[in-house]
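Notes for the one structure printed next.
No value in this document is a laboratory result; all are computed from the given coordinates. Since the structure is predicted, the reported quantities are computational estimates derived from the model, not experimental observations. Neighbour counts run over all protein chains shown; Cβ positions are idealised from the backbone, glycine included.
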Amino acid sequence: MWKNLALTPLVIAIICLGGCTNQPTDEQLEVWRTDAIARNAKIVADNAKKAEQSQWNLAIQGETRTGKSLKLNWPQLQALATNHHVKTVDPLDILHSKEIFDFRGVPVSVLLQQFALVNDVTDVTFVSFDSYQTTLNIQDLLKYPITLAISKNNKPIARAQGGPLYLVFPYTQYPQLKQKYDTSNWAFYVSHIIVGTESVNLRIGKHQVNLATLDQLPQVTLEQTVGYRISWPSSKVKLSGVRLRDVFTSLQQPLPPQGGVIIRGKAPFYNDSPVRLSTKDLAECDILLVTRWGESRELIPAKMGGPVTLAFSSQCPTKISQLRWVTFVEELTPTP
Ligand SMILES: Nc1nc2c(c(=O)[nH]1)N[C@H]1C(S)=C(S)[C@@H](COP(=O)(O)O)O[C@H]1N2
Ligand SMILES: [Mo]
């Protein structure tokens with residue numbers, strides 16, 4: 001126990017302040033110990049919060065001017081946010097839903113003008129740390145000061161309030177925005193902006209795989225409801241793609257029989273909680289990388305989590321079909 005306590009020397013110093021001749025009682029020791037643990041946890045949590053903000057990045061992907069995705073770090077975001085304010089209610093701050101807050105941040109229009117091919121697309125999709133996504137019309141983003149806020153009433157935005165980067169709409173100044181964009185469009189902890197839709201580019205072990213490569217594999221079609229609801233019909237739809245196990249066979253990269261594969265999507269959340277499937281799971285039922293949907297086999301837009309989504313056939317055993325469908329699949333890593 002004592003060994004795990006980072007403040008142990010301090011605790012001992014406190015114990016010894018009154019001279020170390022009088023032994024503290026076990027109860028007194030227990031109080032000090034609990035105190036120190038609590039203080040220690042708070043320091044660790046405060047540091048984590050500070051680090052979280054200064055280490056936050058915003059990726060801009062899809063139809064960018066350079067054709068490549070780019071990443072803005074925190075100092076760059078701060079520099080872009082110097083003097084832009086949006087004074088609005090915050091409908092997600094349910095305890096203060098009437099109050100008008102002073103948000104400071106980066107107007108999305110500035111990011112689009114600077115980094116995106118604005119004439120080529122209609123949609124811009126925001127992806128958040130927790131894999132939440134919301135899609136807006138680019139003309140609205142160019143017309144209204146919809147903003148990625150970095151501070152609220154002059155304070156950094158706490159994680160619990162949607163920080164460090166919170167997509168806010170100028171509801172108070174432009175009430176008409178409320179009709180088109182409701183509270184579900186306000187996005188907490190935004191980590192990615194996708195202009196239009198990206199092209200398929202998967203990292204699979206040592207390989208980079210594009211759509212042409214996936215199209216050479218046997219195509220499988222499922223007909224079922226989608227495992228996440230955003231932007232999809234709630235009825236059954238056709239989903240076409242390739243079996244995960246066929247991907248590894250075709251790359252001549254057999255998965256370890258006792259191991260499996262880790263699947264990560266765009267959201268940073270997958271770094272801590274990737275979806276893991278065993279080689280046995282993949283043999284058991286159809287687990288697909290879906291690239292097309294509907295009768296006319298349309299490509300999957302960013303609005304629907306595309307270009308590549310991980311899908312489980314409803315024929316899979318419940319322990320598999322209950323797993324999270326991964327949107328914006330980017331990386332498949334074999335594991336022993
Ligand atoms: N990152 C992120 N932003 C989000 C959500 C979410 O789950 N994650 N939920 C949306 C929805 S549907 C609503 S109604 C509001 C409030 O969500 P809450 O009730 O889960 O706080 O935040 C929106 N923004
Ligand atoms: Mo919601």
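Odds and ends about this structure:
- Burial order of peptide ranges 303-315, 246-258 (average beta-carbon count within 10 Å, highest first): 303-315, 246-258
- Charge dipole magnitude, Cβ of K and R +1, D and E -1 - the chain, Cα centre, debye nearest 20: 280
- Karplus-derived HN-Hα couplings along region 31-36 (A = 6.51, B = -1.76, C = 1.60, θ = phi - 60°), whole Hz, x at Gly and Pro: 4, 4, 4, 4, 4, 5
- The stretch between Thr34 and Gln219, if pulled fully straight at 0.36 nm per residue, gains 60.7 nm over its current Cα-Cα span.
- Cα shape, region 192-336, gyration tensor, a/c 1.5 rule: rounded
- Only one residue of Phe312, Leu277, Gly265 has its Cα farthest out toward the positive end of the dipole of region 223-320, where Lys and Arg carry +1 and Asp and Glu -1 on Cβ, and that residue is Gly265.
- Translational D in µm²/s for region 7-195 (Stokes-Einstein at 25 °C, 0.890 mPa s, Kirkwood Rh from C-alpha pairs): 130
- Listed peptides 316-325, 262-271 by packing density, highest first (mean Cβ within 10 Å): 262-271, 316-325
- Here region 112-249 is treated as a Stokes sphere of Kirkwood radius computed over C-alpha pairs; at 10 °C and 1.306 mPa s its diffusion coefficient rounds to 89 µm²/s.
- For the chain, fraction of C-alpha pairs farther apart than 27 Å, in %: 55
- Database remark: amide H of Val200 closer than 5 angstrom to the amide H of Leu211 (H placed geometrically; neighbours at sequence offset of 5 or more, or on other chains; Pro and chain starts carry no H).
- Cross-linked pairs Lys71/Lys155; Lys238/Lys319; Lys71/Lys180; Lys178/Lys303; Lys71/Lys98; Lys180/Lys238: Cα-Cα separations exceed 31 Å for Lys71/Lys98.
- Extended-chain gain in nm, criterion 0.36 nm per residue less alpha-carbon gap, Thr66 and Arg324: 89.6 nm
- Each Cα pair under 8 Å and six or more residues apart adds its sequence gap; the mean of these over the residue count of the chain is a relative contact order of 14 percent.
- Per-residue HN-Hα couplings for region 77-85 [Karplus 6.51, -1.76, 1.60; θ = phi - 60°; Hz; x = Gly/Pro]: 5, 4, 5, 7, 9, 3, 10, 9, 10
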